[in-house]
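In what follows, a single structure is set out as structure tokens and then discussed.
The values are calculated or read from the model by the stated rules, or taken from the named source; none is laboratory data. Keep in mind the model is a prediction, meaning the values are calculated, not measured. All Cβ positions, glycine included, derive from the backbone under ideal geometry; neighbour counts span all protein chains shown. Please note that ligands, DNA and RNA were not included when accessible areas were found on the heavy atoms of the full protein model with its side chains. Shrake-Rupley method; radii C 1.70, N 1.55, O 1.52, S 1.80 Å.
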Amino acid sequence: MTKILDPRTGLPFEPLAVQETQIDSAKLGSLHQRFDQHPSSGLTPYRLANILQDAERHQLTDQAELAADMEEKDGHLFAEMQKRKLALTTVKWQIEPPYNANIVEKKAAEVLTERLANIDMAEVILDMSDGILKGYSAQTIKWQLVEKMQMPIAIEHVPASWFTTANDDRNKLQLIDDTGQGQALWAGGWIMHHHKSKSGYLGRSGLVRTLAWPYLFKNYSLRDLAEFLEIYGLPLRLGKYPSGATEQEKGRLLQAVVEIGHNAAGIIPESMTLDFKEAAKGQADPFLAMVAWAEKTVSKAILGATLTSQADGTSSTNALGNVHNEVRHDIRDADLRQIANTLTRDLLWPMVVFNLNGISSFHRCPKFVFNTAEAGDIKLLSEALPGLQKSGMKISRKWLHESTQIPLPEDESDILKPIVGADTATLTAEKHHQGCSCSGCQSVAVLTAETTVEDPVQKTPSDIISHQLQVESDNPQTEFVDKIRDLVNKAESFEQLKNDLLALAGQNKSKQAELIEQAMVLAELQGRSDVLDEALNVL
């Protein structure tokens, strides 16, 4: 086991990592007695600049504590960070064997999938996403022998303020120990996620360095707005005392002025007066404009857009927000890619090293993968595929299932059966009258061809005949009604209309007679069909 190296540190896996967590060792006891200093209290531009510079010089504690304060104190920043973090926890994950995997590697992927099903990976991913703001996130792994395998039974988040970077490597995290020099992290004992929200070494890769300035200016504006509302929202209270008043009397008058302002009640001597002046004029718009700028800047930095967070006053906000939501998908996928790489390196690989034989290289380790593919439009695909197939295009079933996000069936019994392609009653009528050249049977054949499987109502041959006769009689009836309407419009007297109607009734009615003849023939054929069906059922 010790011959296999940790790809993060390049060191052999630490045997103690499976016995205890590193933060419980004796040399790190002082960390548990340490409390945050909350550097956001009384934060000034000068103080903020010093915190950021210290982070570049290996001292990450103040920057990490400032990031935690910012999330706690700024509701807008917290909400935007939660959107980005929680979006990561809802994506399905899986463990895939490496490319061109052998039997051992495929079996390893199955074992790891089964074992990780007992761990709340959504919580692990949420804690890892803390690195988006701070640049890194650390979790200890508590191992325990379960069914003859060393398994992670607990994965606990560790405050980012407990770490520093090595003097010789600004990207190498170490625990702050009692010696003040820092202690190297045990290989196999940590999920140490370095999240690159932007390029740069560890101390400069977190979003905290981008968000700290709008956070500071927003707080200044909110403080000034509170003072504005307190001072300019109330009338000036002016107390007047007579000449010769003692200091004690002046003090009582001042106390009365203050109490009247807050309690709307107070007493003063009769010899003194109290005047209320009109409140000073002013507007809160400049302060609110600064707050709005700061919040929009925060939204852009975290989500890549502002229209998915708040309205901008335009009528197309919702539509634009839907477009900008795609930007969030890009950011989400980039976050998941980094998290998947860390989980493969710091969780899956130690599980393989501690428990499985036959995989000696990290490059052959099963991969932690998130399924970020979006399902295609099934209706659009179903309409386009027949045409593509007719043009000769060869379409993979596997690709189609992946595109629609419809999983492949486990066995034949799990396959949805296709709907029968023709109506049963129609097929029966077609069978009985096949080959007949009469107009009635030809009508049945036409209707049979027009019948589709989408019709939810089962049609009998009688229904088909009635429908055909109705269609055939529509035009003659319409023409007859139109002739009567024309006679009524042209008639100059009742006698003339009567004579014209009698003449119309005596005209040739061959079309109607032909329809009646067809109906009689079809009715006879239907009767024969019914008798034949009954005879077949008896037999």
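The table below gives the values:
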{"quantity": "Computed P(r) (all Cα pairs; the stretch 70-208; 10 Å bins; percent)", "calculated": "10, 31, 33, 21, 4, 0"}
{"quantity": "log₁₀ of I(q)/I(0) at q = 0.17, 0.19, 0.20, 0.28 Å⁻¹ - the stretch 82-134, Debye sum with one point per alpha carbon", "calculated": "-0.65, -0.74, -0.77, -1.02"}
{"quantity": "Ratio Rg/Rh, restricted to the stretch 22-96 and using Cα atoms, in which Rh is the Kirkwood radius", "calculated": "1.10"}
{"quantity": "Solution diffusion estimate, µm²/s, Stokes-Einstein, the stretch 147-258, Kirkwood Rh from C-alpha pairs, 37 °C, viscosity 0.692 mPa s", "calculated": "158 µm²/s"}
{"quantity": "Peptides ranked, highest mean first, by Cβ atoms within 10 Å: ranges 80-87, 340-347", "calculated": "340-347, 80-87"}
{"quantity": "Listed peptides 55-65, 483-493, 196-206 by packing density, highest first (mean Cβ within 10 Å)", "calculated": "55-65, 196-206, 483-493"}
{"quantity": "Packing-based order for 239-249, 155-165, using average beta carbon neighbours within 10 Å, highest first", "calculated": "155-165, 239-249"}
{"quantity": "Accessible carbon and sulfur surface of the stretch 128-232 relative to its total accessible area, %, 1.4 Å", "calculated": "50 percent"}
{"quantity": "Between the stretch 173-194 and the stretch 40-70, the Cα center-to-center distance that results, in Å", "calculated": "21 Å"}
{"quantity": "Global geometry of the stretch 133-195, whether rounded, prolate or oblate, following the gyration tensor of its Cα atoms and the 1.5 cut on a/c", "calculated": "prolate"}
{"quantity": "About the Cα centre, charge dipole magnitude for the stretch 73-191 (Lys/Arg +1, Asp/Glu -1 at Cβ), debye", "calculated": "260 debye"}
{"quantity": "Rough spin-label spacing in nm, given labels placed 7 Å along Cα→Cβ, for PHE494 and VAL257", "calculated": "10.6 nm"}
